[in-house]
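*Asks:* Quick one: the structure is below, and I'll ask about it shortly.
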Amino acid sequence: MLAARKNSTMTNNHTNHRTQPSGPPLIQCRRLTKTYKKGDNTITPLQELDLDVPAGDFLALMGPSGSGKTTLLNLIAGIDRPSGGQLIIGGTDISTLSRSKLADWRSVNVGYVFQLYNLVPVLTAYENVELPLLLHSMSAKDRHEKVQTAMQLVGIADRHDHYPRQLSGGQEQRVAIARAIVTDPTIIVGDEPTGDLDQESAQAIMDLMVRLCEDLGKTLIIVTHDAKSAAYAKRTLHLEKGRLVEAELLATRHAPLVPQEA
Ligand SMILES: Nc1ncnc2c1ncn2[C@@H]1O[C@H](COP(=O)(O)OP(=O)(O)OP(=O)(O)O)[C@@H](O)[C@H]1O
Ligand SMILES: [Mg+2]
């Protein structure tokens with residue numbers, strides 16, 4: 001599918017999610033709760049959170065440090081499991097899956113882009129991108145084609161043999177994105193994917209994210225502290241203390257202290 005969709009990239013045939021047939025949202029969080037127990041203390045990073053994410057959405061999550069952004073991302077990505085509530089993705093309540101079934105589900109459905117420095121240093125760019133495919137049974141030829149396609153899509157095909165230390169931060173992040181899309185997952189999540197990049201590289205990475213959404217029809221959720229990066233998304237939601245904050249409430253809080261003249 002990745003290769004087939006790539007043609008639409010080349011013809012610049014943008015897919016608009018608003019024209020897609022409406023159905024249930026791809027991701028449905030219902031009273032989603034996460035708690036951690038530390039001795040006598042219970043920490044609740046997510047409290048009965050309700051969230052719908054339609055297929056083809058590009059959602060930016062913002063909020064103060066400790067507000068539960070990574071926790072939410074990790075639940076949606078199937079890296080961690082909820083303590084309560086439902087998390088229905090593509091019709092499957094992934095909160096009911098066993099750890100091993102969840103790992104299988106994740107390897108097919110989700111690509112994860114971390115902040116930076118999560119490439120394996122002793123592997124080349126090509127080998128890093130190839131890594132997730134080793135979990136799937138396929139011929140060496142198919143694997144090679146998929147790695148080539150993913151690296152071409154992110155514009156890093158000329159860096160096959162480079163090790164991460166031989167790449168710039170922006171190039172490393174392109175390799176990380178190629179690795180996230182190489183299995184052709186439906187959902188791509190990024191935890192501060194531009195957090196360590198200069199502005200120009202961050203913009204290039206966000207442009208690439210937009211293309212993954214618009215051209216390849218991926219559903220993206222990224223966490224960012226940077227309003228400029230969030231502006232690339234179709235919508236932004238704010239978390240505070242494990243709950244989503246209504247946009248109106250934020251607008252009131254950010255209202256000018258001195259009343260504007262009519
Ligand atoms: N494994 C864990 N065990 C105990 N507490 C945890 C664990 N993971 C996260 N927490 C707590 O949950 C809360 C939310 O953490 P989370 O990492 O989701 O925040 P965040 O919004 O991503 O913050 P930041 O912007 O700093 O990355 C924090 O109080 C954190 O200490
Ligand atoms: Mg975080």
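Coordinate-derived values only; no laboratory data. Just so it is clear, the structure is predicted and the values come from calculations on it, not from any experiment. Here the Cβ is made from the backbone with ideal geometry for all residues, glycine too, and neighbour counts use every protein chain on show.
*Asks:* Which pairs do you get when a residue that is over 29 Å from I187 (Cβ atoms), found in the stretch 28-42, comes within reach of a residue that is assigned to a strand (DSSP E or B), reach meaning Cβ atoms under 6 angstrom, with the pair 6+ apart or on two chains?
*Replies:* From the stretch 28-42, the pairs are T42/T35.
*Asks:* Just checking, which of S95, S83, S137 is away from ligand 1 (no atom under 16 Å from the Cβ), buried (at least 17 other Cβ atoms within 10 Å of the Cβ) and more than 18 Å from the chain's Cα centre (by Cα)?
*Replies:* S95
*Asks:* For the stretch 219-247, name all the residues that are more than 12 Å from ligand 1 (Cβ to nearest atom), out of contact with any Phe, Trp or Tyr (no Cβ under 9 Å at 6 or more places or on another chain) and of a type in the set (A, V, I, L, M).
*Replies:* A227, A230, A231, L237, L244, V245, A247
*Asks:* Tally up the residues in the stretch 97-114 that are more than 16 Å from ligand 2 (Cβ to nearest atom), hydrophobic (A, V, I, L, M, F, W, C) and in contact with a Pro (Cβ under 9 Å, 6 or more places away or on another chain), please.
*Replies:* Result for the stretch 97-114: 2.
*Asks:* Taking the stated definitions as given, is Y163 in contact with a helix residue (DSSP H, G or I) (Cβ under 8 Å, 6 or more places away or on another chain), of a type in the set (F, W, Y) and surrounded by 16 or more Cβ atoms within 10 Å (Cβ to Cβ)?
*Replies:* Considered against the rule, which asks whether it is in contact with a helix residue (DSSP H, G or I) (Cβ under 8 Å, 6 or more places away or on another chain), of a type in the set (F, W, Y) and surrounded by 16 or more Cβ atoms within 10 Å (Cβ to Cβ), Y163 comes out as yes.
*Asks:* Can you tell me how many residues within the stretch 34-66 are surrounded by fewer than 21 Cβ atoms within 10 Å (Cβ to Cβ), closer than 25 Å to A233 by Cα and either of a type in the set (S, T, Y) or more than 16 Å from ligand 2 (Cβ to nearest atom) (or both)?
*Replies:* Total satisfying the criteria: 9.
*Asks:* Here is a further query. Going through R165, R179 one at a time, which residue ends up being more than 16 Å from ligand 1 (Cβ to nearest atom), touching a residue at least 60 places away in the same chain (Cβ under 8 Å) and not in a loop (DSSP other than H, G, I, E, B)?
*Replies:* When all the criteria are applied, what remains is R179.
*Asks:* Kindly establish whether V189 is closer than 30 Å to K228 by Cβ, within 16 Å of ligand 1 (Cβ to nearest atom), touching a residue at least 60 places away in the same chain (Cβ under 8 Å) and within 14 Å of the chain's Cα centre (by Cα).
*Replies:* In short, yes.
*Asks:* In the stretch 20-65, how many residues are under 29 Å from D226 (Cβ atoms) and assigned to a strand (DSSP E or B)?
*Replies:* Number of matching residues: 23.
*Asks:* Answer yes or no: is there a residue in the stretch 192-202 that is within 16 Å of ligand 1 (Cβ to nearest atom), in contact (Cβ under 8 Å) with a residue 12 or more places away in the chain and assigned to a strand (DSSP E or B).
*Replies:* no
*Asks:* Just for the stretch 110-119: of the residues that are crowded, with 19+ Cβ neighbours inside 10 Å and touching a Gly at 6+ places or on another chain (Cβ under 7 Å), which one is farthest from M209 (Cα to Cα)?
*Replies:* The selected residue is V110.
*Asks:* For the stretch 213-224, does any single residue satisfy the condition of being in contact with a helix residue (DSSP H, G or I) (Cβ under 7 Å, 6 or more places away or on another chain), of a type in the set (S, T, Y), in contact (Cβ under 8 Å) with a residue 12 or more places away in the chain and more than 15 Å from ligand 2 (Cβ to nearest atom)?
*Replies:* no
*Asks:* Here is a further query. Just checking, does the stretch 77-96 include any residue being within 16 Å of ligand 2 (Cβ to nearest atom) and not β-branched (V, I, T)?
*Replies:* Yes; the residues of the stretch 77-96 include at least one that is within 16 Å of ligand 2 (Cβ to nearest atom) and not β-branched (V, I, T).
*Asks:* For the stretch 52-65: of the residues being out of contact with any Pro (no Cβ under 8 Å at 6 or more places or on another chain) and within 15 Å of L244 (Cα to Cα), which is farthest from ligand 1 (Cβ to nearest atom)?
*Replies:* Among them, the one singled out is L59.
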